[in-house]
Amino acid sequence: MDLRRTTPALVALSCFIAGGGLAAAHPAMPLLALLAFYTAAVIAVWLPGIWLFAVPACLPFLNFAPWTGWLVFEEFDLLLLAVLAAGYFRLARAPQAGRFSWRQPPAFSTSLVILLVCSGLLSFYRGVQDAGGFHVGWFQGYTDALNSWRVGKSLLWAGLCVPLLRDGLQQSTAQTCRRLAVGMVAGLVCVTVVVLWERAAFPGWINFTSKYRTTALFWEMHVGGAAIDAYLALATPFVVWALRAARGRWQWALGAVLALLVAYAGLTTFARGVYLSMAAPLVLLGGLLWVQKAGLDLRALLQGIWQRRRPVGWRAKAAWALSAALIAEIVGVLNGGTFMADRLADTERDFGSRVEHWQRGLGLLQDPVDLLLGKGLGRLPANYARSYPEGEWSGHMDWRAAQGMLDPHPALILSGPDTDDDLGALFAATQRVHPVPGERYRATLQLRITRPVELYLQLCEKHLLYPGRCQVAYLQLAPTAEPWQNITAPLRGGPFRTGPWFAPRLGMLSVSVLGAGEQVEFRRIGLAGHDGRELLANGDFSQGLARWFPVARSYFLPWHIDNLYLELLIERGVLGGLLCAVLVATALWQLVLGRARQQPLAPYLAASLTGVLLVGLVSSVMDVPRVAFLLFLLAFAAHQLAVRPAVSVR
């Protein structure tokens, strides 16, 4: 048996079966998901290099969690499973130069991938054990065992992509690098278009005073975090690649427009860490590009060899014009409103509270085993909320199955905070709806309570975190003789208005339990206008928590440690954190000083990795699966480029 054929065949079959099963379980459109999965797999078989473009291009939008209710799984998983099934199928069919031998030692990069994946599996096991054991559920959340899979899958997907990446580089280093770079640029185009739509629909393009921070389609930010921050840190250097790769004035002009839009996206996050992680790596990128163009060894440059060169022709004038436009844009956003000024004024206080947060996170490592191996993947939120009253959940939603004849109906169990009444309005069970301008709505509830509770219902124009125009209902309820109460609640507030034709507004129904220690069991939630047509899907919870999406607002303390390095230490321990550090450090060494430094893509990869390391000083990264996957993929790409001859990718 030839393991070089058998192993890829087994991996391909496993990915194909897993992808088909995941698509069939899609909460909203299983048939479309199946069709998309099989189509993507067929395309990836016939066009083997297309995945290098498609994966980074589709990464920013292939997650529809507010419409599906999925937290652990996402549509991006389907794309990756299709790519892996097709790629390993081709590897199994490809003629082999020789047979597999256990006596042949693997290369350093291969050994590192294997060690990282094994460390990740160990952390996954510890996470599942910490959660009380493994159990399957499509709609598990941050306290459940499958949150370990949600956090750990990024490394597994990226590790499985390494043989496909190596195969592509062997076929054509230039094409592989170009496809990856173009895919990164396409992803940035997607993000900037969504940012323009989001801000046009809600605060307005030039409203820099409202406390509104851009999130794009990174729905992982429903409990805060820095998903868009880390993505922009990784992707921004490829804007420079687009400008340098432009063959003519029009292409360069399009690249310049993208640069302005990416800067706008970064500025409107109003995140201080983003500003640093987008700007500082560009300085490194400029130096590396100059060194590479001049044909110098950086080590010689550090010894004092310097030759100044200036660009000539229309590109030089265009570059100066773009620089001036970027400076004007930065000044306009930062001085065009008061939001960023207020955030800068709170920097010292924010840093002090962040240090306290980090100290509490480190306190979770209570014994040498925890320090060495970590608490387990995805276990930071549950352990933090359990260990510190200051970090309690602001609410929680869970699903109860039907209980036979005693209670034949499933239910949503929605809880408020444990002790702090002020947190009650900051967590909600939500569902996407599309309010009609001028319409008035009413909610219908069938619920059970055992003590007096307060409920707050909101139907708002809302992208993710920040409500616009709303209709609301505030209910004070008490137990009755009948266990189940049927309630109709008219929503009060101004009528909804039509948004800009080019930026339709999203809507969201939110249901919150306000009081500390309070809990409500919902058998049914409905929403209708004057015509009586039901607007909610799965309002009887017969499909579990499908279509229902938890959203926190303003208070995000237990979900994130806000530091990449502490995040790795707490969940993966010294062992996992050290392996990740070796991965990135050796990748940067190869890109800046090692054998990969003459690869045309090396400066951009080095700047990307530097950017995410900077944003990681004040933000978590590994709890955003799509962005963590991109980080690992680029680091693995750097290692693979180190063994390839340098070629032009323009």
Problem - Square roots of five times the Cα gyration tensor eigenvalues for the chain, Å - result: 42, 30, 24
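Given all pairs of different Cα atoms, what value in angstroms does the Kirkwood hydrodynamic radius of region 99-172 take?
Taking the inverse mean of 1/r over all distinct Cα pairs, region 99-172 comes out at 14.4 Å.
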Exercise for the section: Given a cut-off of 25 Å, name the pairs among K153/K462; K293/K317; K211/K375 whose C-alpha atoms lie farther apart than that in the structure shown. Expected result: K153/K462; K211/K375
Practice task
Return the carbon/sulfur percentage of the accessible area of region 4-119, one whole number, probe 1.4 Å, all protein chains in place.
Solution key: 75 percent
Handout entry: ³J(HN,Hα) computed for each position of region 463-469 - Karplus, 6.51 cos²θ - 1.76 cosθ + 1.60, integer Hz, glycine/proline x
Key = 7, 8, 9, 10, x, x, 5
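Write down the accessible area per residue of region 497-650 in Å², having rolled a 1.4 Å probe over the full set of protein chains. Walk me through the intermediate numbers first.
Details: 5020 Å² over 154 residues.
For region 497-650, the solvent-accessible area averages 33 Å² per residue.
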Fill in the blank from the handout: Taking Rh as the Kirkwood radius computed over alpha-carbon pairs of region 532-650 and applying Stokes-Einstein at 25 °C with viscosity 0.890 mPa s, one gets a diffusion coefficient in µm² s⁻¹ of 144 µm²/s
Exercise for the section: Bin all alpha-carbon pair distances of region 19-85 at 5 Å intervals from 0 and give each bin's fraction as a whole percent. Expected result: 3, 19, 30, 25, 15, 6, 1
Handout entry: Sulfur and carbon atoms: percent of accessible area, region 485-635 [1.4 Å]
Key = 59 percent
Handout entry: Angle between the chain longest axis and helix 625-641 axis [Cα atoms, degrees, rounded to 10]
Key = 10 degrees
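Please report the net charge: other residues with Cβ closer than 9 Å to the Cβ of A473, K and R +1, D and E -1.
So the environment of A473 carries a net charge of +2.
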Fill in the blank from the handout: Mean Cβ-within-10 Å packing, highest first, puts peptides 40-51, 482-493, 456-467 in the order 456-467, 40-51, 482-493
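Output the peptides 582-593, 620-631 sorted from most to least packed, where packing is the average of other Cβ atoms within 10 Å over each peptide's residues.
Peptide ranking by packing, descending: 620-631, 582-593.
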Practice task
Please arrange L254, L261, L412 by accessible surface area, largest first, computed with a 1.4 Å probe and ligands excluded.
Solution key: L254, L261, L412
Exercise for the section: Please give the helix 314-335 orientation as an angle from the longest Cα principal axis of the chain, in degrees from 0 to 90, rounded to the nearest 10. Expected result: 30 degrees
Handout entry: List T110, T430, ordered by accessible area with a 1.4 Å probe, largest first
Key = T110, T430
Completion exercise
Taking a probe of 1.4 Å and leaving out DNA, RNA and ligands, region 405-472 shows per residue an accessible area in Å² of 42 Å²
Exercise for the section: Using only Cα atoms, tell me the angle between helix 108-130 and the longest principal axis of the chain; keep it within 0 to 90° and round to the nearest 10. Expected result: 10 degrees
Completion exercise
Quick shape summary for region 378-479, equivalent ellipsoid via Cα gyration tensor, semi-axes whole Å in descending order, reads 25, 22, 15
Problem - Where the Cα pairs of region 420-462 fall when distances are cut into 5 Å bins, in % - result: 5, 12, 25, 23, 17, 11, 5, 1
Completion exercise
Relative contact order in percent for the chain (Cα pairs under 8 Å, 6+ apart) equals 20 percent
Exercise for the section: For region 463-609, just the Cα atoms, rotate onto the principal axes and tell me the three extents in Å, largest first. Expected result: 74, 43, 28
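The values are calculated or read from the model by the stated rules, or taken from the named source; none is laboratory data. Note that the coordinates shown come from a computational prediction; the quantities given were computed from them, not determined experimentally. Here the Cβ is made from the backbone with ideal geometry for all residues, glycine too, and neighbour counts use every protein chain on show. Accessible surface areas use protein heavy atoms only, side chains included; no ligands, DNA or RNA. Shrake-Rupley method; radii C 1.70, N 1.55, O 1.52, S 1.80 Å.
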